[in-house]
1. Considering only residues that are at the interface with chain B (Cβ under 7 Å from one of its Cβ atoms) and in contact (Cβ under 8 Å) with a residue 24 or more places away in the chain, look in the stretch A:328-338 and name the one that is surrounded by the most Cβ atoms within 10 Å (Cβ to Cβ).
2. Would a scan of the stretch B:87-105 turn up a residue that is free of Cβ contacts under 8 Å to residues at least 24 places away in the same chain and within 14 Å of chain A (Cβ to nearest Cβ)?
3. Tell me which of these B:Leu287 doesn't satisfy, since it passes every other one: (1) surrounded by 15 or more Cβ atoms within 10 Å (Cβ to Cβ); (2) within 26 Å of the chain's Cα centre (by Cα).
4. Residue under question is B:Val170, and the condition is that it be within 13 Å of the chain's Cα centre (by Cα) and surrounded by fewer than 16 Cβ atoms within 10 Å (Cβ to Cβ); does it hold?
5. Name the residue that is modelled with the lowest pLDDT, counting only residues in the stretch A:98-118 that are in a loop (DSSP other than H, G, I, E, B) and crowded, with 17+ Cβ neighbours inside 10 Å.
6. Using beta carbons and a limit of 6 Å, which pairs, at least six apart or on different chains, have the first residue in the stretch A:304-327 and more than 8 Å from every other protein chain (Cβ to nearest Cβ) and the second one crowded, with 22+ Cβ neighbours inside 10 Å and among the polar types (S, T, N, Q)?
7. Scan the stretch B:101-113 and tell me whether some residue there is under 20 Å from A:Glu316 (Cβ atoms) and either at pLDDT 90 or above or surrounded by fewer than 23 Cβ atoms within 10 Å (Cβ to Cβ) (or both).
Amino acid sequence: MKDLNNYVISSSIEENIKMMKDIFNKDATLRFREFENQYNGLNCCVFFIDGMVDINMINENVLKPILDTKVILDGIDHIDYMKSHIIISSIVNTSYKISDIVSGIISGGTILFIDGNSKAMIIDTKGCKTRDIEEPPAEKVLRGPREGFTESLLTNLSLIRKRIQTKDLKFRYFTVGERTNTNICICYVEGLAKEEVLDTVIRKINEISTDGVLDIKYIQEFIDDNPFSIFETTTSTEKPDIVTGRLLEGRIAVLVDGSPAAMTAPSVFIEHMMASDDYYLNYFFATIGRIIRIIGFIASISIPALYLSLVSFHQEMIPAPLIMGIYSARQGVPFPTFLELFALLAVFEGLREAGTRVPSPIGESISIVGALVLGTAAVEARFVSAPMIIVVGLTAITGLALPSLSAVIIIIRGFLLILSAMLGFYGYIFGMIGLIIHLFNLRSLGVPFMDNLTSLRPQSLKDTMVRAPMWYMRYRPKFMSEDSKRSVDGGEKDE
Amino acid sequence: MNRYIIFTLIIGLCILLTGCWNYRELNSIYIVSGIAIDKNKETGLYDISVEIVNIKDTNFQPNIESVVLEASGSTISGPIRDLIKTSSKKLYWGHATTLIISKDVARDSVLPTLDWAARDQEPRLSIEVFISGEDTAKELLDTKSLTTDIRLFEIDTMVSENRSLIEMPVIKIYELINELDIPKTHSVLPMIKVESVHGNFTNVLSGGAILNKDKLVGYLSDEEILPFLFIRDNVNAGHIKLSDKNNPKDNVILEIFNSKTKIYYNLSEGNISFDINIETQVSIAELNTTTDYISKSGRKELKNKAEKFLQRETKNLIKRMQNELGLDIFGFGNIIRQRDPNTWKKIERDWDSIFAKLDINVNYNIHIRNSGRISKPIEVFK
């Protein structure tokens, strides 16, 4: 690695070209062009990195004005005159420092050297190709905004700014990653976000010491309060409207250049049960959706464990006609229920994993093979009993209702299943107690993860299992924001 | 550190010191539907018949058949345990619904049977207890079930689905155990008989068996059941059949909607008497008569007739109990015990003789609510 301190910008263009070639040794994307103004004989040279810049912008706004100028530059500081009179660009810096020049060029700037000047001009000509704004496939909605973040940080920030048009919306840049030098941006609404939470986030981001940051998940893992928990205490989304909603509740968002997802924190458990649709559809319908998701979560972690407990420990709890049905279906199945259940769940997870990794047309055939062929054949061949297919199917379907918790669900489900295999309902209850204790122990940037769920005040519960109508949500979540009234001038008195 | 040790101890103790939690695969057990207990007249041993549900290996469609296993021994639990020798799998009692005791066993005592059922972990205390109306209890298991494959499950369905229509309410093990403990009150168990329906033999509930403490001593006939239930305030539904001996064409059936019995206990000058007031709502279920019971005066007549009929039946039952058996099956003694414990302490020892001379007034008040969907009898042209 070359030490940049060994280099100095010289006033000779030839020297500078040699120096730049030396710094960017073996980098084929470095381009430069030397040119001379025909009227005043000024020798200039521009450097840029191919692909990072908008060539048209350089041609029109840098080369053309310099080549066309008829001003005789004599006895004045060329650089400063050109900066203020000739170069057409909103962001232009000058510097003597070689490190500024290098970081400018690698982030998509154009460097202009002028013969006889030991100062270089850094012109912003960023012109990277980015993806169009599309609906994120993982967060499709029935109704409501369909815009999704892209990989470009600036585009993403503009998507947020477009929605919150106030000077109080703050964007603060940080650079993380010793090699990638990734731009990350913390955004929050001043006056809503809690100072201490903001300070914690900034402190934790400054503490990050890593080679590179490629996605928001890197940051999420670095700033998580509970690094060993299976639950994530920060949430991420690809939709600017969700981020906006959370910013307005006093949360803080972090965006990373190159990642189409934004992190929001602090987060509470019930957020995982929410979908953006909830706020765009009728609130009765949204409430039903919430309740279904909550039941889905509980069912998905519990069904295998409960079935196993019932069938192999507590046969007295199954109604007599049903137990006879299960009994007859299990006739001739060689494996114990536990093994049967575990294997089938593993097969399902395998199918799911295969389905997500392969291109979608093949993914469909995998599900057909898995569901129809494997399931039916396994039952007919007496490898598994028919009720087991129902149990695993129910488990799978209910689990799909909560995409953000899918990994967590698999782990808890397995954990409860093993406990139930050892102790029946007793083990299941132990597992659930453990899970609840763990959930109540979690903190997200100092905010209890299960907050709002222990209160009985209607204003605390308005956005949990029920989604209250908008006119009822007069207050922001209390734990989250400084000023808890939703409208600026206060609305009604505090309850 | 201390905290973790305590936490581990708590969890460990919770797991290790609680009841049994053995992993038991569903197919390693036989589901028992019920049990019949007989006494062998020659050997004097208990003959135990256990009905199990045998589920055969079929694809998708449950194929269930009833299998009766038999064993005998001098105790109840001994032969039951011996059954494992004849069956390949362990018997599972969690779904047993029915316990049938033969008259011979009940004459000795129902206690050994109840002791086993209450002490063993698996049988539920909600098992229904019956006395066999036939010579042996086993006969009831041998009949062919009409509607379901399992004989004893059919009995259970019969009594639980039609609970309100059944004339004799079933009694569960825990209820019987509780009743046995009430001083000077004697239990009545439902009896079950075999009846022929279209050539198939099936079981029907019929009459009651009166226990003196824990021993069978007498029976209630079918006609005595209704007045008995009226006094016990246990009538939810049922029919009152009114017939006139002098006029065989005069038959009326009243359907009971609900009934409320209030028993008043009076003590005056050392004389104990009871007033039983019974309020019953009925409707006309069948009117097979030439008499007009629909007009205002006719309704009154019908009401009087029904009240008189029930009063007579009830008084007859009470008299029979007072004179023949001398057993307080109605719980009058218990009413005194609850309402006037001081008097009860004094008279408890002599209760049997007091009961025999007890002055009991029975008043029925029957409200005829309606006459069903039609008001008049169907008219035929002259």
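The values are calculated or read from the model by the stated rules, or taken from the named source; none is laboratory data. Bear in mind that the values here come from a model prediction, so they are computed numbers and not experimental data. For neighbour counting, all protein chains shown are included, and Cβ atoms are generated from backbone atoms with ideal geometry for every residue, glycine included.
1. Checked the stretch A:328-338; the qualifying residue surrounded by the most Cβ atoms within 10 Å (Cβ to Cβ) is A:Thr337.
2. yes
3. (2)
4. Here the answer is no, as B:Val170 does not meet what is asked.
5. A:Asn117
6. Qualifying pairs under 6 Å: A:Pro304/A:Thr395; A:Ala305/A:Ser420; A:Leu308/A:Thr337; A:Leu308/A:Ser420; A:Ser309/A:Ser420.
7. Within the stretch B:101-113, not a single residue is under 20 Å from A:Glu316 (Cβ atoms) and either at pLDDT 90 or above or surrounded by fewer than 23 Cβ atoms within 10 Å (Cβ to Cβ) (or both).
Okay, residues lined up against (1) more than 23 Å from A:Asp451 (Cβ to Cβ); (2) among the aromatic types (Phe, Trp, Tyr):
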| site | (1), (2) |
| --- | --- |
| A:Tyr283 | no, yes |
| A:Ala286 | no, no |
| A:Ile298 | no, no |
| A:Ser312 | yes, no |
